[in-house]
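Note sheet for the following structure.
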Protein chains: 2
Amino acid sequence: VREQTNVNMADVARQAGVSTATVSRALRDMPGVSIATRDRIRRIADDLSYVVSPEASGLASGSTGRVAAVVPSIDIWYFATMLAGIESVLRRADLDLLVYHVENAAERERFFDRLPARRKVDAVVVIAMPLPEQEAERLDLMGVQVVVAGGQLRDYPHVRIDDIEVAHQVVEHFTHLGHTRIAMIRTSDPAGSTWAGDLARTHGFRMAMDQAGLELDDDLIVTVPYAVDGGADAMDQLLSMAKPPTAVFAYSDEVAAGALRSLRRANLAVPEQMSICGVDNHPIADLLDLTTVHQPVEAQGAAAGQILVDIIEGRTPQQQQLVFPTHLVVRATTGPPPPDADR
Amino acid sequence: VREQTNVNMADVARQAGVSTATVSRALRDMPGVSIATRDRIRRIADDLSYVVSPEASGLASGSTGRVAAVVPSIDIWYFATMLAGIESVLRRADLDLLVYHVENAAERERFFDRLPARRKVDAVVVIAMPLPEQEAERLDLMGVQVVVAGGQLRDYPHVRIDDIEVAHQVVEHFTHLGHTRIAMIRTSDPAGSTWAGDLARTHGFRMAMDQAGLELDDDLIVTVPYAVDGGADAMDQLLSMAKPPTAVFAYSDEVAAGALRSLRRANLAVPEQMSICGVDNHPIADLLDLTTVHQPVEAQGAAAGQILVDIIEGRTPQQQQLVFPTHLVVRATTGPPPPDADR
């Protein structure tokens, strides 16, 4: 066995013209790299006398038996349910789950900066949140495997829904009911990071409106912080427009719940005067009789957990890019637009 | 330093006529043991040549830097919020949180059976769930410190609310409104374990009814599995009575939410025909305009986290038995009984 040299993975990546993630994957025989590329990377690594360090290649040994889950919030239903799904699979494989709540961009950076060096875990599952590029590279270099649940980052194995399709399902439902003036409540990160789910749903909304031949004023897309109160504020804002929408696509059921509260306080009848549709099929959707797009959250967590178990136990995961289907659940908050809605 | 002998903590406990928990506490200079008892236990330990093993006494060294949280569910708001509170404090102290979901009595037993021997953690926080007596003894013997959040077990340090007071706050609210026929929806564990919170709220309910001089038929206390659907079933059961109650105390807001759904489906006006009050001040309580008893869940988690940090860092926690106050939040689901409610 050769000793580790001063050459690092970034040198190999630079010479091969690929990312460090691809180098890491090629040298560890992970899928997602073509045979030609893999062989080329290996030749370059050989030429440079680069050897994957035992630490970096030691994934299969499951040296710590622990997985870190990184979440932007523990007590929001979506993240808690994702954690429950991941934990259920890890537990059966006798792996332990460490939970890290990183609240903002600075904490996120610090977390990803410190985690790899301490070798606390074999793998990290990032739940539906951004991962700074520089920190992703560092994880690659240290051989900490990254799996993404509820989103997509770089070429990491991931489990998610199709957020563009989600937006299409909502817009199609509204247009079939006869709505033409449709708004969207999207959500923002206080630190200004972009979140894949929000970007994709907003993009999908624009696409679907365009495909339906409907005009989309910029002020019909309202951006608020993720929270019930954010949804309430956004609806207040939409109601104050000279010509309010007749239907609203809310980023999530929690955001929709806040919007419903504003409608109730404004004494507007739902769906007679305003239709609203959320996303998730959160338990409150049933309680509020809210029309929504169902996504299987716990199942996504369990699938991400299975990928983690496979990787840690040295197997190639059967599937590395899982996209779970979503479907509309029609309840009592959507209906045809009011008869006077036409200009 | 003397070597560990064959004498174990149970021998010391037996001879001293105290629990192993008390022995453990006395030998580690933890509070909660009188000076006289501590000195007596130490003499007995000396006589028996018992020495706390380095493992068992190594808490202050923070040997693993990890805490295990054991929860009956990750994705129920109460537990997720408690975890968030605990994690926030551990994170600041640079301690890691392992999360274990144990679903039933068998898993609970297996978990507590296996955890100590593996020395994975310095401490365990048990969140509002039963802990088998035998396993508690084992944790004591291995020197794994136990802290309880949202409940009370043996003489462990704990953080909780006063569940008896909660029941009094609800019953007083109902009686002030004029209700005399008051029901309670309590919750059960499928495995038949007793949960401290449920027992105390039920006991408090009986006490408060008695103090108010009100009759309490046995069929006015309905027991259902903890879930929204459980609440719905319980309300259906209460509505089918020859003489239904006019006010219902639900174990939690989630249970109350299910009960509200049943009332809506039965076309009964709330609160005109039926009053309902939950417990928690869960975010859905605001959305459903539900009257409830507020309890500070995240703060309880944070306080439990602080006790854990103090213990692991070798300090005596400032407070070991914290009882957080609760208060009634009156919203739209409680009002006077219907005029025809008198017999």
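Per-structure values
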{"item": "Summed buried accessible surface, chains A and B, 1.4 Å probe, nearest 100 Å²", "result": "2800"}
{"item": "Cα-derived Rg over Rh, computed across chain A with Rh taken as Kirkwood radius", "result": "1.06"}
{"item": "Charged-residue dipole, Cβ positions (Lys, Arg, Asp, Glu), chain A about Cα centre, Debye nearest 20", "result": "780"}
{"item": "Axis-nearest residue of B (beta carbon) for the B-onto-A rotation, whole Å", "result": "B:Ala80, 2"}
{"item": "Gyration tensor (alpha-carbon) shape descriptor, region A:210-340, a/c threshold 1.5", "result": "prolate"}
{"item": "Carbon and sulfur %, accessible surface of the protein assembly as shown computed with the full protein complex present, 1.4 Å", "result": "49"}
{"item": "Accessible area of region B:128-283 divided out per residue, in Å², using a probe of 1.4 angstrom", "result": "38"}
{"item": "R0 of 25 Å, Cβ-Cβ distance A:Ala93-A:Arg154: FRET efficiency to nearest 0.05", "result": "0.50"}
{"item": "Hull volume in cubic angstrom per residue (convex hull over the Cα atoms of region A:133-194)", "result": "105"}
{"item": "Using a Förster distance of 45 Å, the FRET efficiency for B:Arg206-A:Ser63 (Cβ separation, nearest 0.05)", "result": "0.25"}
{"item": "Mean projected area in nm² (Cα convex hull; one quarter of hull surface) for region A:263-337", "result": "6.4"}
{"item": "Computed E for B:Glu272/B:Asp189 - FRET, C-beta separation, R0 41 angstrom, nearest 0.05", "result": "0.70"}
{"item": "Beta bridge orientation in chain A: antiparallel %, DSSP, nearest 5", "result": "10"}
{"item": "Computed Rg/Rh of the protein assembly as shown, alpha carbon atoms with Kirkwood Rh", "result": "1.02"}
{"item": "Mean Cα-pair separation over length for region A:260-343, i.e. relative contact order, pairs under 8 Å, 6 or more apart, %", "result": "40"}
{"item": "Relative contact order (percent, whole number), chain A, Cα cutoff 8 Å, 6+ residue spacing", "result": "19"}
{"item": "Dimensionless Rg ratio for region A:72-163, taking C-alpha atoms and the 2.2 N^0.38 Å reference", "result": "1.04"}
{"item": "Helix-only CD estimate at 222 nm, as mean residue ellipticity for chain B, using -39500 (n - 2.57) per DSSP H run (n ≥ 4)", "result": "-13500 deg cm²/dmol"}
{"item": "Candidates A:Leu83, A:Leu139, A:Leu288: whichever shows maximal mean-square fluctuation once chain A is modelled as a Gaussian network with Cα springs under 10 Å", "result": "A:Leu288"}
{"item": "Accessible area (Å², 1.4 Å probe, nearest 10) - A:Thr202", "result": "10"}
{"item": "Nearest-first distances (nm) between copies at A:Asn267, label 7 Å from Cα via Cβ", "result": "2.6"}
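The values are calculated or read from the model by the stated rules, or taken from the named source; none is laboratory data. As the structure is a computational prediction, the values presented were derived from the model and not from experiment. FYI the Cβ positions are ideal-geometry reconstructions off the backbone, even for glycines, and counts take in every protein chain you see. For the accessible areas, the whole protein counts, side chains as well, though only heavy atoms, and no ligand, DNA or RNA atoms are used. Shrake-Rupley method; radii C 1.70, N 1.55, O 1.52, S 1.80 Å.
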